[in-house]
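The values are calculated or read from the model by the stated rules, or taken from the named source; none is laboratory data. Since this is a predicted model, take the numbers as computed values, not measurements. All Cβ positions, glycine included, derive from the backbone under ideal geometry; neighbour counts span all protein chains shown. Keep in mind that these areas ignore ligands, DNA and RNA; they rest on the heavy atoms of the full protein, side chains included. Shrake-Rupley method; radii C 1.70, N 1.55, O 1.52, S 1.80 Å.
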Amino acid sequence: MLKTRVLTALVLLAVLLPILYFDYFPGFAVVAALFFAAAIWECARLFGSAEKRALGYGIIALGLFAVTVLKGGGANIGVLFTLCVAIWAVRFVPSLALGLPPVASFGNRIVGVTYAIAIFGCFVAILALFIHSPLYLLSVMAIVWVADIGAYFCGKAFGKHKLAPSISPGKSWEGAIGGWLLVLLISLGICLTPAAVVLRDTLPVSLYAVWGWMGLVGMMTLLVAASVVGDLFESQLKRRIGMKDSSKLLPGHGGVLDRIDALIPVLPLVTLLSFWF
């Protein structure tokens, strides 16, 4: 399993690193469009769609995303990101406590559509942040990755109190807090050392320059919390329908949604807040 995971990661890096290094937007947009289509296909399956119908949704999503890239978003992008943040705050966060509607219900379709909108907003945010700079995009993603790594190891070492036992029994409060502290430690370390000069075009340094250390701590806390919610929500969807992974598209890693679940609420939020500072 470990060998498979490493090989898959190496293949993905071989595709993405040259695109990021040379700041080649057309190539990045093509890769993003393919991953978006795969994510919508997986989303449809998580909400009970038959395989052929789910594949059709994925193809439609690919076309929609292509049109979005070609036309651009303008002011409508801000509306989309605001809608995504509202969806998470009003609908998805409460569902972690209240549960989801039955798969064979009209309410399930509504939730499925709203989750698809959230995924769409995530991928549009990916493109927007890439246009700002690949380094800036990577700095936002790194926050989620660091939080996840910290949560894993702290949870293994100290986890005693379950975070959401009915949704994801392996996650603990100790792990979540450990991931949050690691993000704060690394973010403050970057901003308060000479590394800030080299990494000035990153989210932590940008936040610190405008809002100071209190703003940085508050924003990192919000983003880590959002990443945990995104992870738990996808786990809730999989548990409801009896799936271990959203798909097998990425050998050793599961599906696209399994890799980006924590990013789905984070990226539109960061992009929206970036307009303010």
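Structure above, values below:
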{"item": "Identity of the residue in the range 238-262, open to solvent by less than 10 Å² (accessible area, probe 1.4 Å) and aliphatic (A, V, I, L, M), that ends up nearest to Ala176 (Cα to Cα)", "result": "Leu257"}
{"item": "Among the candidates Leu257, Leu232, Leu249, residue that is touching an Asp or Glu at 6+ places or on another chain (Cβ under 6 Å) and under 22 Å from Phe47 (Cβ atoms)", "result": "Leu257"}
{"item": "Pairs, first within 25 Å of Pro204 (Cβ to Cβ) and in contact (Cβ under 8 Å) with a residue 40 or more places away in the chain in the range 142-167, second part of a loop (DSSP other than H, G, I, E, B) and of a type outside the set (Ser, Thr, Tyr), C-beta under 6 Å, six or more apart", "result": "Val144/Ala262"}
{"item": "Residue tally, condition over 14 Å from Gly78 (Cα atoms), of a type outside the set (A, V, I, L, M), in contact (Cβ under 8 Å) with a residue 24 or more places away in the chain and in a helix (DSSP H, G or I), over the range 256-277", "result": "2"}
{"item": "Which numbered condition Ser187 fails, given (1) on the phi > 0 side of the Ramachandran plot; (2) in contact (Cβ under 8 Å) with a residue 40 or more places away in the chain", "result": "(1)"}
{"item": "Residue among Leu184, Leu207, Leu192 that is over 26 Å from Ser95 (Cα atoms) and open to solvent by 40 Å² or more (accessible area, probe 1.4 Å)", "result": "Leu192"}
{"item": "Subset of the range 163-172 (residues that are outside any loop (DSSP other than H, G, I, E, B) and either modelled with pLDDT under 95 or under 18 Å from Ser95 (Cα atoms) (or both))", "result": "Leu163, Ala164, Ser168, Pro169, Gly170, Lys171"}
{"item": "The range 58-112 - residue that is without any contact (Cβ under 8 Å) to a residue 60 or more places away in the chain, among the polar types (S, T, N, Q) and part of a helix (DSSP H, G or I) and, of those, surrounded by the most Cβ atoms within 10 Å (Cβ to Cβ)", "result": "Thr68"}
{"item": "Residue in the range 263-276 that is surrounded by fewer than 19 Cβ atoms within 10 Å (Cβ to Cβ) and either closer than 22 Å to Arg45 by Cα or polar (S, T, N, Q) (or both) present", "result": "yes"}
{"item": "Those residues of the range 218-273 which are in contact with a Lys or Arg (Cβ under 9 Å, 6 or more places away or on another chain) and among the basic types (Lys, Arg), in sequence order", "result": "Lys238, Lys244"}
{"item": "Qualifying residues in the range 214-237 (those that are under 14 Å from Ser95 (Cα atoms) and more than 15 Å from the chain's Cα centre (by Cα)) - the one surrounded by the fewest Cβ atoms within 10 Å (Cβ to Cβ)", "result": "Gln236"}
{"item": "Matching residues in the range 143-173 - criterion: being polar (S, T, N, Q) and surrounded by 14 or more Cβ atoms within 10 Å (Cβ to Cβ)", "result": "Ser168, Ser172"}
